[in-house]
1. Would you work out the relative contact order for chain A, in percent, from Cα pairs under 8 angstrom that are 6 or more residues apart?
2. So who's got an amide H within less than 5 Å of the one on D:ASN121, skipping anything under 5 residues away but keeping other chains? H placed 1.01 Å off N, in plane.
3. For A:TRP66, what accessible surface area do you get with a 1.4 Å probe? Give it in Å², rounded to 10.
4. Ranking request for peptides A:125-136, C:94-105: highest mean number of other beta-carbon atoms within 10 Å first, then the rest in descending order.
5. Keeping all protein chains in place and using 1.4 angstrom, which order do A:MET32, A:MET39, C:MET73 fall into by accessible surface area, from largest down?
6. Enter the accessible area of D:ARG7 (Å², nearest 10), with the probe set to 1.4 Å and all protein chains included.
7. In a Debye calculation with equal point scatterers on the alpha-carbon sites of chain D and no solvent, what is log10 I(q)/I(0) at q = 0.07, 0.13, 0.15 Å⁻¹?
8. When only the heavy atoms of the protein chains count and the probe is 1.4 Å, how do D:ASP166, B:ASP68 rank by accessible area, highest first?
Amino acid sequence: MNYLHHILEPRLLFPAIGTLAIFSLVFRENKMYRLFEHMFIGLAAGYSLAITWTDVLKPFWWDPMWVDGQWEWVVIVPLSFMFYAIYTKKFVWMSRLIFGFFFGTASGTVFRQFAGEYIPQITASYKNVFPDLKHGHTAMLASIPQAIDNLIFVAILLAVATYFFFAFEQQNKTVQKVALSGRAILMIALGAIFGATIMTREALLIDRMYFLLHDWLQIVHSAM
Amino acid sequence: MDPFILPLAVSGFFGPVHGHGAAFFGKLAVGIVAGILFLVGLQLIPTRLRKPTIVFFTFMGGLYYVLDFFLPVSRFEKALVGQESFAGNLLNVFGAFAVGLGVISLIGLHLKTVSRQREGWGFSTVLIVSFVLMAVFTLLNAYHPKGVIVPKVPGLQTNITTGDVFTFLFQSGLTALDSAMFALIGFFIISASYRAFRIRNVEASMLMASALIVMLGQVSLGTALTNFIPPQTVWGNLRFENLAQYLLVDINTPALRAVTFGIAVGLLATSLRLWLSLERGVYFDQEA
Amino acid sequence: MEFAYTNWPVAYFVLLISLVIVFKVVTAQRGKVPSIRRIAGMNAIDEAVGRATEMGRPILMVPGISGFDIVTMQALNIFGYIARSVAKFGNRCILPTIDPVVTGVAEEVLRDAYQEAGRPEMFNPEDVRFLSDRQFAFASGVSGIISREKVATSFLMGAFFAESLIIAEVGQRAGAVQIAATTQTTQLPFLIATCDYVLLGDEFYAASAYLSRNPTLLGSIVGQDYSKLLMLLAVLIGTICVTLLPFLHNHFMIHLLSYLIALFKS
Amino acid sequence: MQRVDPRILYVLLVVIITVSLVDKSFSLPIIPAQQTVQAYNTIEAAGRENPRRMAIVDGWWSASTQGENKWQTIALMTQLMRDRIPFAMLSGDPQNTTLMETIADKLAQKYNYKYGQDYVNWGYKVAYPQTLIGMVQDIPGTLKEDANGTPMAKLPVMNGVHTFKDISVVAEITPVSSLDLWLGMVQGVDHTPIVYLPTAVMAPEAFPYLDSHQISGMAIGIKGAGDYEKLLGMKSTGTQISSAMSLVYALIILLIVVGNIGYWADRAVKAQQAK
């Protein structure tokens, strides 16, 4: 009985069954999975609806309007009708207007993103591709591997980039060769990512198994 | 004061109203009427001018951020940089009002399924119930976390509060299912690698080779295989962990950076086309 | 004069790139329509759509999980073109979304597509479904749809993250033909492992031009190529400067090169 | 042979993990990776030079990555307590501060560490970068009080701790790119040694810093935790999970080999039939 106690403890039992139900998807889509899938989506939707109020609307709309008296905020209410105009025939074009406006803002922010996120990657690619000759023999020898690495870096960057030109005619045999080798190098890079990701992903699975075996069933006992 | 309301803000009329007197509600009414008038005004625009109107508003939407990026701070401090957080909030709030679109789409579909007793309506009921429960208790938890749901009875150590119910729904429900779903990848990555890493062609074999090396560089098995190589010599570079590091750092970085350049430019180009309505894409090309 | 983006050369560089793209777009609209190289996987689209119709099963379109932004819009654009041929075949598209606004836009994109194909009656608003704004809840919902609706073809295009493997592997198991494209390079290996065709990198942005063959988009692609060329030139110049610097004695040259290097340092 | 039903693979996977978790006696030989040894030695050195100088354990992980980071944290704190190095916990994630304190409190009983005397929880900082900038100038002045609201002055462990010059080593346990802050503001300024314990996916970004000695060691993911326990001469959950991981890897590698053999066998057969 004492043994059953922790197994029947709702705060362990429920997530445990949920975990098993979700895992069962790997064998076949089944009623248990479907049940918890629907529960999952319901909970998620309920949560996001609630925090839309608590985290966005209350602090940034309701309080400024109702508490601080910035009554202009109320204008948004009628204007937000434009979102829901898609459900009408007569006003549907207004939804295009508001969506257009939002995609306009999304586009506007991209300039800064481009400057802040991507330009630095250009500057980060400035590499010294020649060994250091000024500080004596040993310094030169020491700097050779780095120089070679940097040379390889630039070469790979250019080769891969070559593959991604679409409009320029790639009739030239050498260009084609470079582009193809670029694609091949890209595959090596992607393979490396694949390999590097496995551990973190499996760690998550093992952690869930640990929850089932240690926390719930308590057939695994640990130092902690 | 916000620039979107700035022009008239000068006159006291648009200043904040304190207390919830007639003045306050009067102005709320004014605001709502103004909004409705704006909508009516839009509807009065002749059909052939609707497309240009959409183009105009799309442009205006982007304009603020573009100016904010390109114009000198010194001159436009207040009007631009000073307003970034306000603009952000305004868009968040406005966007938040669209949340109904999601709810209508999701809950609407499942309500229909239930009402018409379509196949699987039982599941839809579960979805709706858990939706309502979660929404209600998240709000209750935000306002009265200590509110009592089930009073203390024999067999219960303490009484159950709204906070407890929320914690259960959130921790044992949402969070648990989240991590369970995430953990599925642990299964799928196995079958994916089993299928993917066949030496069908040069590319596949390269993908496989580098993945294998990196994997071996991460576990004792790999370390064991190349442990005979003294780490400090030149040959030390051939130890799996070092090969893996070489692939992940010296090959990966330039290769992915080249890809990123393309993606960055594509992003910029697409936003330009959208912002300036150069797009002859499906959506914005429609005669509204 | 101080600039909003304090590093003004960067601002000018962005401006330059933007102008190049716009210029190419405009010249293309004026009738100088360029051609672009074939993109592996694009040709498979019609075939995949046809197959689904023969099997009498629906087609799945997932526009990524990055909410309403440019990447998603591009994905919806591609889907718009695909949906036209789907509509011609008289088949269904199921389009799950992770964002309310995207739900609205997607609904209109598909409605338009079916309208243009002259099959408005074929479009069912219920097929555009907002599932969840939560990554893995969304993934679980999409997996459910794939298994239950017996999807025959699925297009995964946009910004995908860890969930890409879940969605693609479930699709693979359901025997769907899968064509994917993502801006998240770290997800490419998993899509390559599970999908039949994968568009790499900015092939995602070239796809709509390739499908539509319309001048604006083709012109834009040319502009993008020139812009990429500019960025690579910047890298080369920078590299040459950094390499030459130690060997220079002429002060003017040193200053010039240091300036060129500093140009983009933000 | 090459068309093995994936479900069989999944069953294999579950069995492997279960066995290696349930059977305590079971564990594969662990050979610590270079960078883990470096990390371990850095802490050892700190303990030798001046055992009473404080170390900082900076955590950014939450429940979602505890599969890796929890065991790293346990191993690291065990070493600190074994070497009697006083330490402070700092969190860049709201969940993290409770998770880390629970671990510390549990271990404290075993190594009779006293809160406030041998270790302290500085808590979760919302404006993390600003806090760090402030700490570079004056640690107690910036933090004012610990996670439980006790003023710094009232905590014996804080005696003589003013700036990062008084900190012997910083351990960064994280699933996100939080390292840069510390490199720029702390390591760059006071050359405080930093050991890095990231999740496996985060590791690649950090290798360059390892080569440039900006970080003095790195224990990567669950393998790092296992290595660490090996170096500590203990055999706990980290070791078990680590060897579970090794087995999973072995399975994958085996599958790749088998898959290829099967694939080529099939092709050979088909070639035969073609003739």
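The values are calculated or read from the model by the stated rules, or taken from the named source; none is laboratory data. The structure presented is a predicted model; accordingly, all values stated were derived computationally and were not measured. Every residue, glycine as well, gets a Cβ built from its backbone with ideal geometry; the counts of neighbours run over all protein chains shown. For the accessible areas, the whole protein counts, side chains as well, though only heavy atoms, and no ligand, DNA or RNA atoms are used. Shrake-Rupley method; radii C 1.70, N 1.55, O 1.52, S 1.80 Å.
1. Relative CO of chain A lands at 14 percent.
2. Distant-sequence amide H within range of D:ASN121: D:MET89, D:ALA147.
3. 80
4. Ranked by mean Cβ neighbours within 10 Å, highest first: C:94-105, A:125-136.
5. The most accessible residue leads, giving A:MET32, A:MET39, C:MET73.
6. 80
7. -0.31, -0.84, -1.06
8. D:ASP166, B:ASP68
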